[in-house]
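**Q** Would you mind keeping the following structure in view while I ask a few things?
Derivation of every value follows stated rules applied to the coordinates shown; laboratory data play no part. Here the structure is a predicted model, which is why all the values come from computation and not from measurement. Neighbour counts run over all protein chains shown; Cβ positions are idealised from the backbone, glycine included.
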Amino acid sequence: MDNALVVQDLEKKYGKIKALKGINFEVKPNEIFALIGPNGAGKTTALRIIATILKPDAGDAILYGTSIRKNPEQIRPVISYLPEEAGTYKNMTGFGYIKFMASLYTNDPKLRQKYLETAFEIAGLEGRMNDKLATYSKGMVRKIILARAVMTRPKLAILDEPTSGLDVINALEIRNTIKKFAQSGMTVLVSSHNMLEIEYLCDRVAMINKGEIHKIGTPSELKSEFGSQNLEEVFSEVVK
Amino acid sequence: MIRFFTLLKKEVRELLTPQMILPMLIGVLALAFIGNIVGSEGKKSQTGHSVSILDLDKTDSSGLVNKIFTESGFTVDYNTDLTAEQIIKKATDEKTGTVLIIPEGFEDGMGKLEQQKILKHSVISNFSIFATTGSAAVDLTISAVNEYFSNLMMSRSIPGEDPAVLKNPVVTDKYVSLKEKTAHISIDEVTGFITTQTMFIPIVIFMIIVSASQMIAVTIASEKENKTLETLLSTPVSRISIVTAKMTAAGLVSLLMATAYMFGMNYYINGLTGGAFSSSGDSSISSAITRLGLTLSIPDYALIGISLFLSILIALAISLILGAFAEDVKKAQGLITPILFLIMIPYLMSMFIDVGTSSTGIKLLMYAIPFSHTFSASQNLFLQNYQPVIFGIIYQSVWVIALVIIAAKIFKSDKILTMKINFSKKSLTKIRMF
Ligand SMILES: Nc1ncnc2c1ncn2[C@@H]1O[C@H](COP(=O)(O)OP(=O)(O)OP(=O)(O)O)[C@@H](O)[C@H]1O
Ligand SMILES: [Mg+2]
């Protein structure tokens, strides 16, 4: 088995709106794979289906041989999902939030302790872990949520626009964390509409527009194929 | 199971925030406070009235009027040497509610068996209830005065006969029967007792159900707003745990509120009635009530509790389903309005209408609303009508099961994330869910 995730002909409609018109792609183990495209392209819809919280109208996604459609209960323990613009429980402390989320993944106190340590290290919010999450800045919230998402070392981390709305420094820190975890053995599926930034993060990208995937490849492959300086130019060529 | 408790703990924590607790505490304190104020004012009105008496007769008989008023607990300003104008002015200045003027020749006329007039002047300083009760208390004491003098006259005119028999040759001896049990008591006393014992029950039920619905609709909508629901749904916890943890937490917290409100209500009612009907009250009434079996036993309380719990669960499940339609907290609060109506109808009806004797249409409407059965349970149990209570509990259970299944179905499908109500034609097609 050489693919971590295989997405096959995924389709999803909301009422009359066709958000996904049958998309296909594969993600290799320990790869950082990005879905890039403009607002409304269908990125979030695709990620939600793979995260087992939406049901596809047609098609399936297979994670290491397990169908997300048929066996979502087996998928959930080995993935983690970071929703777009995710918030937290504002009355919890940073520590309380991490502990609560860790308890949802394991009943084993030792394992939970390991998750907590990993999360604290990633979040790097020394001195603020006992403060209410309501007092956190946007960047701090994103760090703690990302820490939560990777602390269980999932087989697949699904991150919907993990850096959107953050300043350059915070975005860089988040990207470095993601890269570090991928190198230590974690497959990552991210989405973004910021095509310039995504070049620095991803191994391969899929360009999605209006529910269809137009092009898949490494950033350098795509750039040389179209003779462009950056992925934004490639994208505007692709969707012409 | 451990994960369920993790979720439950989190839900309870989310509910027991200062924003939630503070309004409740204020409500309870306000109730107790109002009860005490009203109660102490009421007591003042029963005992602390004042009256000005101008005695122009200055005889033993007119002196007796003064004595009867003093002994009835009035603060009497007794005068013999003022004019009518002077005493009314004085009463106005001192805010004495009532002026009584006993005319000259009062005793003489009485001796000749002629009807005598005492002038009663009410001096208005305000229109509060207690001002009126002051005047009523004076009238009540005047009848005591009448009683006294009438007995005196009768025993003088018809010596050797009992004046009580002469005045009321016919009296009623009052009994109340309930299910083959009979007690020596009047029906007014029974209803008075039952009403004071039960009047706070519907209010408490109403408050609990409303607050429980609000809580759950708000928590589910705020989870949607913050995207924590999406996170939760992607974790390995079962959907049914998420649903039941939310419902249990809101149920527990509203029971806690119920207890607090019960205490507040108890203060309120004790304040109002001055503890008149509490256990230490009139012993002949309470022993008659006990003989009639008009008390609630522990199984009765258990039945009321079960019925209330089922009502809470129904309200929670409906709110959970409605909350699932809402995208944010504000919309959630709007969406639970239908539940408020469903609770309001039986609440008001239980206070003003006797369902047993109303028309079939109203009866059916009342029985169809699941909350009605909780409102009528305590009355039925006082009357030992177990059948409707048991029927109500069964009917409510059916509702609970159906609603929990629907709620779990919504959480199992992805409708929880995709459905919303916008009341526009286009999006209404989205709510066709099953
Ligand atoms: N709950 C919903 N109900 C109806 N339509 C929806 C819903 N969610 C998404 N859509 C529609 O589906 C399409 C794809 O949306 P999606 O959120 O997947 O896009 P996206 O690529 O994530 O966009 P963005 O960059 O803005 O996040 C859009 O046309 C959107 O309007
Ligand atoms: Mg999106």
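**Q** By how many degrees, 0 to 90 and rounded to 10, does the Cα axis of helix A:109-123 deviate from the longest principal axis of chain A?
**A** Tilt of helix A:109-123: around 70 degrees.
**Q** With unit charges on the beta carbons (Lys and Arg positive, Asp and Glu negative) and the dipole taken about the Cα centre of the protein assembly as shown, which residue among B:A137, B:V237, B:Q19 sits farthest to the positive side?
**A** Most positive-ward Cα: B:V237.
**Q** Taking the Cα atoms of the range A:47-102 alone, what are Rg (to one decimal) and Dmax (as a whole number) in Å?
**A** 14.0, 41
**Q** Taking the Cα centre of the protein assembly as shown as origin, work out the dipole magnitude from +1 charges on Lys and Arg Cβ and -1 charges on Asp and Glu Cβ, in debye rounded to 20.
**A** So the magnitude is around 3320 debye.
**Q** I would also like to ask the following. Taking chain A as a Gaussian network, Cα atoms linked when under 10 Å apart, which of A:D203, A:D57, A:D160 shows the biggest mean-square fluctuation?
**A** In the Gaussian network model the winner is A:D57.
**Q** Still on this structure: Cα-based Rg (one decimal) and Dmax (whole number) for the range A:97-175, in Å?
**A** 12.6, 38
**Q** When we measure straight from the Cα of B:K331, which aspartates and glutamates land under 15 angstrom away, once same-chain ones fewer than 8 places off are left out?
**A** Within reach: B:E223, B:E225.
**Q** A further question follows. As I understand it, the dipole of the protein assembly as shown uses +1 on the Cβ of Lys and Arg and -1 on the Cβ of Asp and Glu, about the Cα centre. Which of B:A288, B:I401, B:T357 lies farthest toward its positive end?
**A** Positive-most Cα among the choices belongs to B:I401.
**Q** I want to verify a result. In a Gaussian network model of chain A, Cα cutoff 10 Å, which of these has the top mean-square fluctuation: A:E84, A:E73, A:E26?
**A** Its mean-square fluctuation being the largest, the pick is A:E73.
**Q** Ok, one more. At R0 = 35 Å, how high is the FRET efficiency between B:T259 and B:T357 if r is their beta carbon distance? Nearest 0.05 is fine.
**A** Using R0 = 35 Å, I get an efficiency of 0.55.
**Q** Could you tell me what fraction of 2.2 N^0.38 Å the Cα radius of gyration of the range B:124-240 comes to, as a two-decimal ratio?
**A** Numbers: Rg = 31.4 Å, N = 117, 2.2 N^0.38 = 13.4 Å.
Normalised by 2.2 N^0.38 Å, the Cα Rg of the range B:124-240 equals 2.33.
**Q** I would also like to ask the following. Taking the Cβ of A:I53 as the center, what net charge do the other residues with Cβ under 14 Å away carry, scoring Lys and Arg +1 and Asp and Glu -1?
**A** The answer is +4.
**Q** Still on this structure, I have one more. Listed highest first by mean packing, meaning other Cβ atoms within 10 Å per residue, what order do B:241-250, B:255-264, B:74-83 come in?
**A** In descending order of packing, they fall as B:241-250, B:255-264, B:74-83.
**Q** In square nanometres, what is the average projected area of the Cα convex hull of the range B:44-109?
**A** Spelled out: convex hull of the Cα atoms, projected over all directions, averaged, 4.3 nm².
**Q** What are the semi-axes of the equivalent ellipsoid for chain B, taken as the square roots of 5 times the Cα gyration tensor eigenvalues, largest first, in whole Å? Please report the intermediate quantities before stating the final value.
**A** Details: eigenvalues 765, 137, 61 Å².
So the equivalent ellipsoid measures 62, 26, 17 Å along its semi-axes.
**Q** Another question about this same structure. In chain B, what percentage of the DSSP-assigned beta bridges are antiparallel, given to the nearest 5?
**A** Given both bridge residues lie in chain B, the antiparallel proportion sits at roughly 40 percent.
**Q** With +1 assigned to the C-beta of every Lys and Arg and -1 to the C-beta of every Asp and Glu, and no other charges, what is the dipole magnitude of chain A about the Cα centre in debye, to the nearest 20? Let's see the in-between values first.
**A** Working: 33 positive and 28 negative charges, 181 e Å.
Roughly 860 debye, rounded to the nearest 20.
**Q** Now a separate question. May I ask what percent, to the nearest 5, of DSSP beta bridges between residues of the range B:47-166 are antiparallel?
**A** 30
**Q** Something else about it: Using only DSSP helix segments of four residues or longer, with each worth -39500 (n - 2.57), what per-residue ellipticity at 222 nm results for chain B after dividing by its residue count and rounding to 500?
**A** Helix contribution divided over all residues of chain B: -23000 deg cm²/dmol.
**Q** Next question. Kirkwood Rh over alpha-carbon pairs of the range A:5-238, then Stokes-Einstein at 25 °C and 0.890 mPa s: what D in µm² s⁻¹, rounded to an integer?
**A** Here the translational diffusion coefficient equals 134 µm²/s.
**Q** Still on this structure, please answer the following. So what's the projected area for the protein assembly as shown, the Cα convex hull averaged over all directions, in nm²?
**A** 43.6
**Q** Just to be sure I understand: of the beta bridges DSSP finds with both ends in the protein assembly as shown, what percent are antiparallel, rounded to 5?
**A** 50
**Q** If you don't mind, another one. Taking every pair of distinct Cα atoms and averaging 1/r, then inverting, what Kirkwood hydrodynamic radius in Å comes out for the range B:47-166? Let's see the in-between values first.
**A** Working: mean 1/r = 0.0662 Å⁻¹.
Evaluated over the range B:47-166, this radius sits at 15.1 Å.
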